[in-house]
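Below: the structure, in structure tokens.
The values are calculated or read from the model by the stated rules, or taken from the named source; none is laboratory data. Keep in mind that this is a model prediction, so the values were computed, not measured. Virtual Cβ from ideal backbone geometry, glycine too; neighbours counted across all protein chains shown.
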Amino acid sequence: MSLTLAQGNEYSVTEMQRAVIDRLVKDSDVLARLGFVTVLGNSLTYDTITTDASAAFYAVGDTWVESTVDVTQATAALKVLGGDADVDNFLLKTRSNEIDLQGTVLSNKVKVVQYKFLDGFYYGTEFDANGFSGLHQLMTSTTYNTVQAATADVNGAAATIANMRKAKDLITGWKPDLMLMSKTMRRLLSTYLDSVGSAFPRGVDRFGNQVEMFDNCPISVDDHILNTESTHTDGTFLTHSADDQTTIFFLSFDEMACCGIHSGDGVQVEEIGNLETKDARRWRVKWYVSMMLQDLRSCSKYCGIISSSAVTA
């Protein structure tokens, strides 16, 4: 069973761990929704599903035909994410009556851990070779989960409403929880709606919040989706830092869909103690974490979008 970080936080054993997880999920629609499966070893082997088995009506005496679901085995290996933070003992003693210095330092460290995770969530090993496979590595099938903005001989193209709907419609058997894009892409989409005398309809997400919607799917922006992506000539993702393109994601969050895995301790905070080389105490925030996508049809992306071009119908 997968639990979101907030749900898992109910079982945290220390106030420090609770505070760290509260900070980790703050201001992130992804981490507020993403569930995590706890694994005992250093990896999880799972089956990715592409095609369901079939069923049929049979006449009396007919020969029954067997069919089973099409699966491919994949492995999600835990990766070590974290950082150290030093709290100066002199400042702690002399300023503790004015500011929570230790809390401030640790809060900043947790924030950058959050940023690093979200970079990996989208770009994975292409962003950091020591990281886990992100959405761009897990979603590569132009049959099941990828719509290309470009044709086979063009690097990138302007976004269209038709292709956004096409990407959303690739999801079968699921109802996407979130449509994610960069702020630039959201602005271009808003400009298009203004030009046709329309606006984003509003609805309620699963947390009861009033949100803007696209075809009944809640919209969210994420600063970690870049506008500097590049695609292969076939339109599939290449790198995050070589061109002027971006991606729109439609994600379903579930153990069988977009899901994280981590070790049984979850996000950990360790007090390393006083340092020999300077007058400070060191704290370590660490997380043994990875991602998986079991049903390839549960999420989709629309990639190769030129981030400086106007959206069209």
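Observations on the model:
- Count of the stretch 163-183 residues, restricted to those that are buried (at least 19 other Cβ atoms within 10 Å of the Cβ) and outside any helix (DSSP H, G or I), is 10.
- Residue match in the stretch 269-285 (condition: closer than 16 Å to F36 by Cα and in the same structural domain as D84 (by TED's automatic domain parsing)): no
- Selection status of L275, buried (at least 24 other Cβ atoms within 10 Å of the Cβ), among the hydrophobic types (A, V, I, L, M, F, W, C) and in contact (Cβ under 8 Å) with a residue 40 or more places away in the chain: no
- Qualifying residue in the stretch 74-94 (condition: assigned by TED's automatic domain parsing to the domain that holds Y115, surrounded by 17 or more Cβ atoms within 10 Å (Cβ to Cβ) and of a type in the set (S, T, Y)): no
- The listed residue being more than 20 Å from A32 (Cα to Cα), among the hydroxyl-bearing types (S, T, Y) and modelled with pLDDT of 90 or more, out of S190, S198, S182, S241: S190
- Flag for Q268 being more than 18 Å from the chain's Cα centre (by Cα), among the polar types (S, T, N, Q) and at pLDDT 90 or above: no
- A159 meets the conditions (1) in contact with a helix residue (DSSP H, G or I) (Cβ under 9 Å, 6 or more places away or on another chain); (2) surrounded by 12 or more Cβ atoms within 10 Å (Cβ to Cβ); (3) over 15 Å from A310 (Cβ atoms) in every case but one. The failed one is (3).
- Taking (1) at pLDDT below 85; (2) surrounded by 12 or more Cβ atoms within 10 Å (Cβ to Cβ) in turn, V105 satisfies each apart from (1).
- Considering the conditions (1) in contact (Cβ under 8 Å) with a residue 12 or more places away in the chain; (2) within 20 Å of A313 (Cβ to Cβ); (3) among the polar types (S, T, N, Q), S241 is excluded by exactly one of them, (2).
- The stretch 30-70, residues that are surrounded by 14 or more Cβ atoms within 10 Å (Cβ to Cβ) and among the hydrophobic types (A, V, I, L, M, F, W, C): V30, L31, A32, L34, F36, V37, V39, L44, I49
- Of all the residues in the stretch 269-303, those that are closer than 18 Å to M179 by Cα and touching an Asp or Glu at 6+ places or on another chain (Cβ under 8 Å) number 2.
- Cβ-Cβ contacts under 6 Å between residues 6 or more apart (or on different chains), taken from a first residue in the stretch 118-129 that is among the small types (G, A, S) to a second residue that is surrounded by fewer than 19 Cβ atoms within 10 Å (Cβ to Cβ), are listed as G124/Q137.
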